[in-house]
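Notes follow the structure.
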Protein chains: 4
Amino acid sequence: MLNIAIIGAGRIGHVHAKTIASHPKARLALVCDPFGDAAEKLAGEYGARSCKEAEDVFTDPEVDAVVIGSPTPLHIPHLLAAARAGKAVLCEKPIALDMKDVIAAQAELDAITTPVMFGFNRRFDPNFAAVRTAVLNGRIGELEQLTIISRDPAAPPVEYIAVSGGIFRDMTIHDFDTARFFLGDIVEVFAAGQNLDPEIEKTGDFDAAVVTLRAASGAVATIINNRHCASGYDQRLEASGREGALFAENVRPTTVRLSNGEVTDAQEPYLDFFLERYADAYRIELSEFIEAVESASPTPTTIADAVEALRLAEAATESATTGKPVRLA
Amino acid sequence: MLNIAIIGAGRIGHVHAKTIASHPKARLALVCDPFGDAAEKLAGEYGARSCKEAEDVFTDPEVDAVVIGSPTPLHIPHLLAAARAGKAVLCEKPIALDMKDVIAAQAELDAITTPVMFGFNRRFDPNFAAVRTAVLNGRIGELEQLTIISRDPAAPPVEYIAVSGGIFRDMTIHDFDTARFFLGDIVEVFAAGQNLDPEIEKTGDFDAAVVTLRAASGAVATIINNRHCASGYDQRLEASGREGALFAENVRPTTVRLSNGEVTDAQEPYLDFFLERYADAYRIELSEFIEAVESASPTPTTIADAVEALRLAEAATESATTGKPVRLA
Amino acid sequence: MLNIAIIGAGRIGHVHAKTIASHPKARLALVCDPFGDAAEKLAGEYGARSCKEAEDVFTDPEVDAVVIGSPTPLHIPHLLAAARAGKAVLCEKPIALDMKDVIAAQAELDAITTPVMFGFNRRFDPNFAAVRTAVLNGRIGELEQLTIISRDPAAPPVEYIAVSGGIFRDMTIHDFDTARFFLGDIVEVFAAGQNLDPEIEKTGDFDAAVVTLRAASGAVATIINNRHCASGYDQRLEASGREGALFAENVRPTTVRLSNGEVTDAQEPYLDFFLERYADAYRIELSEFIEAVESASPTPTTIADAVEALRLAEAATESATTGKPVRLA
Amino acid sequence: MLNIAIIGAGRIGHVHAKTIASHPKARLALVCDPFGDAAEKLAGEYGARSCKEAEDVFTDPEVDAVVIGSPTPLHIPHLLAAARAGKAVLCEKPIALDMKDVIAAQAELDAITTPVMFGFNRRFDPNFAAVRTAVLNGRIGELEQLTIISRDPAAPPVEYIAVSGGIFRDMTIHDFDTARFFLGDIVEVFAAGQNLDPEIEKTGDFDAAVVTLRAASGAVATIINNRHCASGYDQRLEASGREGALFAENVRPTTVRLSNGEVTDAQEPYLDFFLERYADAYRIELSEFIEAVESASPTPTTIADAVEALRLAEAATESATTGKPVRLA
């Protein structure tokens, strides 16, 4: 049984609290949030303790592991403090909004020996994971072209976007990790940003983008993003190889289809957002984290993954801004 | 090049005229219809001659083959006359409305040596034919259960229904042939007729039915019929065997799918009716007829098939009327 | 929090134990099974107590509700005893193997006032339930034809079949309930049994069947059953109405599709059996049971449902044996 | 009735000959090819005359229209000669391998007043055309992202590739036209070429590519190409708009699906290549050409379309070679 604390009682904190509470090997011990009664309320739902200072989490002897869902600028300080205190860490993405912050902390990050995993939840989605396993098992021969379609049902508030670090760090970061999950090292990034929503354009950010990634292997990945999708949370993946192709289709609430005079075999809108769409993924992510901690084996995602995803996000931001592809070392 | 005459310039006559006109090995020579200028008009569309008396077809030396699309009570007289005149015959279903008419003509029917084929067009549908070929090739092991779903987009006029011989002779006759095409001899028929439309009920006919057929092999076929279907002409087939199953799905005009806030991956309504849905089937049917005639080989469907389908229709009519299953010799 | 006891530590007992253990409002208090250490073992997995005598369940003051998963001949004795003891009951199907047993206990059954629900789990399947809700909401107009396809992945051992009461009481019973769930009162049953497996034939039972049910409304339901299906647990439903149709398709482990030189857009085999396929249904069934008990409102399924499903199973058995349809009062 | 001559009796010449021969308003009058007996043979199949010199086509008084399927470097000379002779022209793509050739002939091209149409057959594919019509009808709101997946079943011989002008002029040219068909003017091109096949790499050409096109409207199109696809001729299109999305899926020979212990609902490989896949498109293309000629109305595709597609192909070639995006005036 792993006693887990959560830092950050926001939307993602609630996701993790629920997942932890229903996991047979985990116990929600402590919830920390500095604002109002957010921590107290969330903790109360699951019979956990609460606190307002992150420091109280790191010094809590009962806490074995910390899930970091604090604002992104606090990710590095929090994970370093947790690691110093000997806690295992499951940290949300992205690691930081700026690679400079990573570089500044590089020596300390490199020295961490406690388990630190990053919440790239899509790696644990049973659909995407099954595709990758099949690729690794040679079901489609050498992987040549990967297409990731990732559209949110609706854009977050403009206030959120303004401090999000931009679409590539905030949204595409997941898809960058997925591309790396399938293709390994990326050597070139070209991003075409789109301004479809004038309100978002005013913040200086894009609200849609198409990114081309060239892998060291010669494979090319295409990421198609949009902050808005009328049909729900559009999350698909297509892996095309020399001997076949694999598709991870969208997930619907049921298998029901409707036929009438207008449409036939019509399915329902996609599951609306990440909590529903990736519920299984969050559960499996936590299981793998706990298993890695308990067996003292490597976590399935690492700081290196978080850094590389951020590097791609920075490259995409540069590419979309300058209009030129960016080559990576 | 086969010179073909059509008897009957109604709906099915038009289908055959078009198919013949566009077939590279066929020529529409003559169209015969006693009513008004129907024959003249249809013939005119394709540069063929026309006549009003069927006798003029049988005596026409240019005519090699006759397609019989006259009213059902004339099928046997016309096919016997055509055969006596040495013409090859492609006759529409059903062979007759009453088995008594078949029995009365049995001796003459048995003596026919010219090619006589019956228009069970669905045997030539590429989808159904592909399923059958796969079954025969052992792709699903021994065939255990066959499900045929066959619904028309809308009922014909009540006047037509009143003289149609009833749903089983007029509509299900195709499905009986399909069942025999897959399963061979049928030994038991149980039919549950439905009266969903009060106007049709007044004619004494059913407008929907579910028929259970037991084959000599032990396999069971289910036929689900309805004179009405909101989504179009619903024509499906499911062959379930020991080692797998095959499905022939509906046909749509295009492969286009639509997603929005209401539906996702919605396809178009099914092709509306038999002319569109079975256009390929009519073309292939004609090709196989021509090939059989020209090569003097057996036609793919025969009078025996027509008689057996009628026998099943009579059994189903009896079963639906008496409420009891009917065993066949 | 409802303290629940399970009687019967067999396969279905394990399903319920797991569902209870993970339900936020339920607690597994006691497991009862007379054979070996079955009860002890299952109880041990979830920290519950165990006993060997059913009587000990009924007299246990801590037990609020009893889930009856004992052999079918004990269902009525157990549910009467539990009800007499004031326990709420969730009983597995069928209520009995013989209507005579129901009739013998009728007076006592009629007098039960504690909540008694029957485990017709498919009513709680989100796919089937969504179809029914859409039907009730008028999405497809008047329901005309219902098609239920229900095939198990593989037949149970012949020993089980020999005491199962036959395919209609053991397997089709679920589909009878589904038909009633959609269509209400059934007035006629015709069943065509099939003997595809000679080992099962020796037990005197069928291993496949097609059943036609006529509802009082005039709608007709078709049930297609097979004890064996190469593709997995084949559980589908098609509701065809005047203005449209709804389909509940099979469930697969993921949304992944494969294309190669042999197949395209190929999906995975269906979830293999009821535990996986109806995991959500068992969870929702338990929730609705708990909610009914706690709110003292009617249970969603009742003894009357169990009796009616058995009546249909008896009628189908008679029909398949005599070869004649059976009319119900 | 339009009397049509074909120049070039190669693969595409055969496609057009067959389409012309079966068109009710067209007649194949003449086939021209300088090599061996190619023209004579093809003409013989359809009862047409043949010649070896293109000049003989242009001076033939019986010829109303010329289909140009000669090698690409002859497209401009042939279409100018045909136009000077007052013939209507249906010319294959691309207009030329080098924009310099277009510029050199610009004055003459601009002066053509006879109907000249270009064979961008995919515009006439019923699936793609239905998507576009739906987009124009506002079914998905403003078009934001277009994804074109276009993979050939197998690469042509290396000898062909060596003189093809490269993947962008030879293969992607169709997709560039499709992008323009949906999005109009393109202002930026970024192409990532791939060398998956070492034999093709030796010719200096790519055998796969991902191209990003930015439209003047702000929409972005992605083209994913591969000279090889294990599952057949992979031809799909996805139009994603503000209020929904439309998908044109691949075409299979039948609607048959297979389920067994390995796969479920598996469909057949895609129609293998352009002749089969775009048979309807070639037929409709010819019909629209004939209709435009006969009604003296504008052809649905023009020299301007051919020039713009070539411009995009040149930009993509430059982008893939230099690694930089190319902006168009």
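Descriptive notes on the structure:
- Residue among D:ALA208, D:ALA296, D:ALA281 with the largest mean-square fluctuation in a Gaussian network model of chain D, springs linking Cα atoms under 10 Å: D:ALA296
- In degrees, nearest ten, helix A:11-21 long axis to first principal axis of chain A (Cα): 70
- Computed over chain D with a Gaussian network model linking Cα atoms closer than 10 Å, the most mobile of D:CYS91, D:CYS229, D:CYS32 is D:CYS229.
- Using θ = phi - 60° in the Karplus curve 6.51 cos²θ - 1.76 cosθ + 1.60, the 3J(HN,Hα) couplings for segment A:289-297 round to 4, 4, 4, 5, 5, 5, 9, 6, 9 Hz; x is entered for Gly and Pro.
- GluC sites (Glu not before Pro) restricted to DSSP loop in segment A:2-64 with at most 16 other C-beta within 10 Å: A:GLU53, A:GLU62
- Relative to the longest principal axis of the Cα atoms of chain D, the long axis of helix D:126-136 makes an angle of roughly 70 degrees.
- Considering only beta bridges that DSSP places wholly inside segment A:84-212, some 60 percent are antiparallel.
- Translational diffusion of chain D, µm² s⁻¹ [Kirkwood Rh, Cα pairs; Stokes-Einstein; 20 °C; 1.002 mPa s]: 104
- Whether segment D:61-201 is rounded, prolate or oblate, judged on the alpha carbon gyration tensor where a/c under 1.5 counts as rounded: oblate
- Burial ranking of peptide ranges B:260-268, C:107-115 (average Cβ count within 10 Å, highest at the top): B:260-268, C:107-115
- For the residue pairs C:LYS52/C:LYS100; A:LYS52/A:LYS93; C:LYS52/C:LYS202; B:LYS93/D:LYS25; B:LYS87/B:LYS324; B:LYS41/D:LYS93, the alpha carbons lie more than 31 Å apart in C:LYS52/C:LYS202; B:LYS93/D:LYS25; B:LYS87/B:LYS324; B:LYS41/D:LYS93.
- Other copies of D:GLU201: label-to-label distances in nm, shortest first, labels 7 Å along the beta-carbon direction: 4.3, 6.3, 7.6
- For the protein assembly as shown, the equivalent ellipsoid derived from the Cα gyration tensor has semi-axes of 56, 51, 22 Å, listed largest first.
- For residues of D:144-151, the mean tally of beta carbons on other chains within 10 Å: 4
- The value for segment C:51-131 of Rg(Cα) / (2.2 N^0.38 Å) is 1.17.
- Seen against the Cα atoms of chain C and their longest principal axis, helix C:303-322 is set at about 50 degrees.
- Label-to-label distances for D:ARG242 across copies, nearest first, come out at 4.0, 4.7, 6.1 nm, using points 7 Å from Cα in the beta-carbon direction.
- Cβ neighbours within 10 Å from other chains - mean over D:169-180: 0
- In sequence order, calculated HN-Hα J values of segment C:208-225 (Karplus, 6.51, -1.76, 1.60; Hz; x Gly/Pro): 7, 6, 10, 10, 10, 10, 9, 8, 4, 5, x, 5, 10, 10, 10, 10, 10, 10
- Under 5 Å, built H, 5+ apart or other chain: amide partners of A:PHE206: A:ILE167
- Taking amide H positions as modeled 1.01 Å from N, with prolines and chain starts lacking one, the residues under 5 Å from C:VAL187 and 5 or more places away or on another chain are C:ARG214, C:ALA215, C:ALA216.
- Note on chain A: with a GNM built from Cα contacts shorter than 10 Å, the maximum mean-square fluctuation among A:GLU92, A:GLU276, A:GLU314 falls on A:GLU276.
- Peptide C:82-91, shielding by other chains (average Cβ, 10 Å cutoff): 0
- Between segment B:261-329 and segment D:291-318, the alpha-carbon center distance in angstrom: 46
- Label points for D:LYS41 are taken 7 Å from Cα along Cα→Cβ. From this copy to the others they lie 4.8, 7.5, 8.0 nm apart, shortest first.
- Over chain B, dividing the summed -39,500 (n - 2.57) contributions of all DSSP H runs of at least 4 residues by the number of residues returns a 222 nm mean residue ellipticity of -10500 deg cm²/dmol.
- Under DSSP loop assignment and at most 16 Cβ neighbours within 10 Å, longest chymotrypsin sites (Phe, Trp or Tyr not before Pro)-free interval of chain B: B:47-272
- DSSP bridge orientation in the protein assembly as shown - percent antiparallel, rounded to nearest 5: 60
- In chain B, the DSSP beta bridges split such that about 55 percent are antiparallel, to the nearest 5.
- Alpha-carbon centroids, segment A:47-101 and segment C:172-238: separation in whole Å: 57
- Neighbourhood net charge (10 Å Cβ-Cβ; Lys/Arg +1, Asp/Glu -1) for D:ALA221: +1
- A simple rule links phi to the HN-Hα coupling: the Karplus curve 6.51 cos²θ - 1.76 cosθ + 1.60 with θ = phi - 60°, which for segment A:158-164 gives 4, 4, 5, 4, 4, 10, 7 Hz, with x for Gly and Pro.
- Cut-off under 5 Å, modelled amide H: who pairs with B:ARG49 long-range: B:LEU30, B:VAL31
Any read-out appearing in this document is the output of simple, stated calculations on the displayed coordinates, not a laboratory observation. Everything numeric in this text was worked out from a predicted model, so none of it was measured. So basically every Cβ, Gly included, is an ideal-geometry build from the backbone, and we count neighbours across all protein chains shown.
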